[in-house]
Amino acid sequence: MALNDLHDFLARATGCEDLGKIAAKLGLVTQPEDLSLRIIEDWHRGGAETFIMVFTVEGPSLSKKLLLKACTPFSPAVPIEDVLAKWLRRRKFLEASGCLAPHLYGTLEGTLIEEYIPDALSDFELGRWNEGLTRDLMHYAQVLAANGFCALSPFSDLRTDGWRVYVVDFGEDLGDPMQQSSIIDYSQIAVNWLAHKGIQGSTPIGYTGKE
């Protein structure tokens, strides 16, 4: 993707032509300033239903890495706008249940503009692991169980900034809540997942995943 094309996309998404005003509209700066764009990773497949691109907005007081995530659903018969709306509903549901998702700056033409979360949780170094990551992972597991999700590989796409765990995949591998009649023990799955990394985890007694 050429820088001009990236600028044009952001301009359409915000209704602003000047990059400084685009950044202000997205909430990246409080006052427009002289900024530039830099593409870090051009378009590539991010998952079964997405293509992603990583770029930065840079200036005197700003260096912010962002992500474009294009929706590429399994079924071409379903309008992309409908698929994206479903993703956003799932995202809102999980956020309301106390799970974290990257900050969403906007959407346009089936593409999300998101905060970039640097590390895959599955690859995160054991020496950098902290209790907050375990706590977030267990909370996510319990939210999935308590709300009847039937997620495939529920922890494979989680990401982290080193302190918190972020849910980034809201597609069909996650699915909708209340789709599972019997409760899946995601907490035990999470404990096993942690043990595979050499980390001890446990499920709080009586926790419902709905706080």
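The values are calculated or read from the model by the stated rules, or taken from the named source; none is laboratory data. Keep in mind that what you see is a predicted model, and the values were worked out from it rather than measured. Using ideal geometry, Cβ is built from the backbone for each residue, glycine included, and neighbour counts are taken over all protein chains shown.
Every condition in (1) without any contact (Cβ under 8 Å) to a residue 24 or more places away in the chain; (2) in contact with a Pro (Cβ under 9 Å, 6 or more places away or on another chain); (3) of a type in the set (A, V, I, L, M, F, W, C) holds for Phe93 except the one numbered (1). For region 87-101, what are the residues that are over 14 Å from Asp136 (Cα atoms) and surrounded by 18 or more Cβ atoms within 10 Å (Cβ to Cβ)? Those that are over 14 Å from Asp136 (Cα atoms) and surrounded by 18 or more Cβ atoms within 10 Å (Cβ to Cβ): Trp87, Arg90, Arg91. Kindly check whether there is at least one residue in region 150-162 that is over 18 Å from the mean Cα position of the chain (by Cα) and either assigned to a strand (DSSP E or B) or not polar (S, T, N, Q) (or both). So far as region 150-162 goes, yes, one or more of its residues are over 18 Å from the mean Cα position of the chain (by Cα) and either assigned to a strand (DSSP E or B) or not polar (S, T, N, Q) (or both). Note on region 18-57: residues that are modelled with pLDDT under 95, farther than 30 Å from Glu172 by Cβ and of a type in the set (D, E, K, R) total 5. State whether one or more residues within region 111-127 are outside the structural domain of Val165 (by TED's automatic domain parsing), surrounded by fewer than 19 Cβ atoms within 10 Å (Cβ to Cβ), in contact (Cβ under 8 Å) with a residue 60 or more places away in the chain and more than 30 Å from Ile199 (Cβ to Cβ). Looking through region 111-127, none of the residues is outside the structural domain of Val165 (by TED's automatic domain parsing), surrounded by fewer than 19 Cβ atoms within 10 Å (Cβ to Cβ), in contact (Cβ under 8 Å) with a residue 60 or more places away in the chain and more than 30 Å from Ile199 (Cβ to Cβ).
Residue check: is Asp173 under 19 Å from Lys69 (Cβ atoms) and either modelled with pLDDT under 95 or surrounded by 14 or more Cβ atoms within 10 Å (Cβ to Cβ) (or both)? Against the criterion (under 19 Å from Lys69 (Cβ atoms) and either modelled with pLDDT under 95 or surrounded by 14 or more Cβ atoms within 10 Å (Cβ to Cβ) (or both)), Asp173 qualifies.
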